[in-house]
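A short worksheet on the structure shown next.
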Amino acid sequence: MSVATARAHVNIALAKYWGKRNAALNLPAVPSLSAGIEDLWTEAEVEFGPFAQDSLEIDGAPAEPGELDRVVRFFDLLRERAGTALRGRVRSHSHFPRAAGLASSASAFAALAMAGAAALDLGYGSAQLSALARRGSGSAARSVYGGYVEIGVSDEDDLAAVRVATAAHLPLDVAIVVASDQKKSVSSRRAMTSSAQTSPYYAAWVEGAPKAVVGIREALLARDFAALAERSERNCLAMHAVTFANDPPVVFFSGLTLQVVHCVRELRAGGVPAFFTIDAGPNVVVFFEPDARDAVAGALSKLGGTLRFSKVGGEPTLQ
Ligand code: PMV
């Protein structure tokens, strides 16, 4: 086969990946745990052939040089593993605003890893695909599975994510408050590096992360929504506290981000089972029990931004 198409979904971390242990191999400094999102995905068609150079088309338009460079580096790795000099041609489509903090690199590199490995007949299983996707983007390692997925820490290049629970174990709905569909001003990669180099809170974050992930995993496995909510929100705010103290400081929140944070906390204080999380951008993802849909939609729709609803899921597919 020299052409293959894969669809991989966005995942949103309940326990965040923030910091690298090894930048060359893209190994995370902390474990993380995420939920796949059913209706947000990237589909990538990858073809390898005797082309003059690698090319990347995103939503019908040629990619920006920076985006292409990342894919070329990723394809260099694929070529090395397959022992080929063939060049790759990618056509990809995403179903969400790109680079606006909705973890588009996760779905994109997971789809590229799956389609690329298939196009080059590498014969990879899920663990190898996850480790390969990780080289493109740390969070992408988790998008090789749907449902609830965790990745630990290791010094080895075969570090891969594992599925902790299916979506059916704890079926949650999500509301995504798109506070901005603009490209974010600081990439997660740069902000993460700056945190490690300049934030006085980075060491405490790395030290506390293993225990935080265990707490979130245990709450998930016990279907203890209240504990999952408290622990996930705290982990998210701790990550953002680290970036606030970067030099120069990085504030991913907009005014609307904070309004949503307060709104969700008030909802939960009033008995509505919902909690928020925020990645490296202003958008907020609200997880809630399906019965709480009316209460969540009613409260969030008063705040502004664009609201999208989905649910935890997101099994990737390969054609
Ligand atoms: O995979 P990257 O390099 O885009 O980093 C993702 C970082 C966060 O989205 C903020 C957290 C996470 O675990 O997904």
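Answer yes or no as to whether E38 is more than 16 Å from the ligand (Cβ to nearest atom), over 17 Å from S137 (Cα atoms) and not in a loop (DSSP other than H, G, I, E, B).
Yes, satisfied.
Please work out if E207 is farther than 23 Å from S137 by Cα, not polar (S, T, N, Q) and not in a loop (DSSP other than H, G, I, E, B).
Considered against the rule, which asks whether it is farther than 23 Å from S137 by Cα, not polar (S, T, N, Q) and not in a loop (DSSP other than H, G, I, E, B), E207 comes out as no.
Count, please, the residues in the stretch 221-258 that happen to be of a type outside the set (A, V, I, L, M, F, W, C) and open to solvent by less than 30 Å² (accessible area, probe 1.4 Å).
Number of matching residues: 7.
Against the condition open to solvent by less than 20 Å² (accessible area, probe 1.4 Å) and either over 20 Å from A8 (Cβ atoms) or free of Cβ contacts under 8 Å to residues at least 40 places away in the same chain (or both), how does D54 come out, does it pass?
yes
Take the conditions within 16 Å of the ligand (Cβ to nearest atom) and free of Cβ contacts under 8 Å to residues at least 60 places away in the same chain and apply them to R142. Does it pass?
no
Look at the stretch 282-291 and say how many of its residues are in contact (Cβ under 8 Å) with a residue 40 or more places away in the chain and open to solvent by 10 Å² or more (accessible area, probe 1.4 Å).
3
Each row is one residue, and each column tells you yes or no for (1) closer than 24 Å to V264 by Cβ; (2) in contact with a Ser or Thr (Cβ under 6 Å, 6 or more places away or on another chain).
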site: S139; (1), (2): yes, no
site: V153; (1), (2): no, no
site: T166; (1), (2): no, no
site: V178; (1), (2): yes, yes
site: S188; (1), (2): yes, no
site: Y202; (1), (2): no, yes
site: P210; (1), (2): no, no
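Quick one: would you say D54 is more than 30 Å from V242 (Cα to Cα) and away from the ligand (no atom under 13 Å from the Cβ)?
Yes, satisfied.
Only one residue in L172, L159 is within 16 Å of the ligand (Cβ to nearest atom) and either at pLDDT 95 or above or open to solvent by 20 Å² or more (accessible area, probe 1.4 Å) (or both). Which one?
The match here is L159.
Go through the stretch 259-281 and give me each residue that's under 11 Å from A299 (Cβ atoms), open to solvent by less than 30 Å² (accessible area, probe 1.4 Å) and in a loop (DSSP other than H, G, I, E, B).
The one that is under 11 Å from A299 (Cβ atoms), open to solvent by less than 30 Å² (accessible area, probe 1.4 Å) and in a loop (DSSP other than H, G, I, E, B): V272.
The values are calculated or read from the model by the stated rules, or taken from the named source; none is laboratory data. Nothing here was measured: the structure is a model prediction, and the numbers come from that model. Every residue, glycine among them, receives a Cβ derived from its backbone with ideal geometry; neighbour counts consider all protein chains shown. Each accessible area value is taken on the protein alone, full model and side chains, heavy atoms only, with ligands, DNA and RNA left out. Shrake-Rupley method; radii C 1.70, N 1.55, O 1.52, S 1.80 Å.
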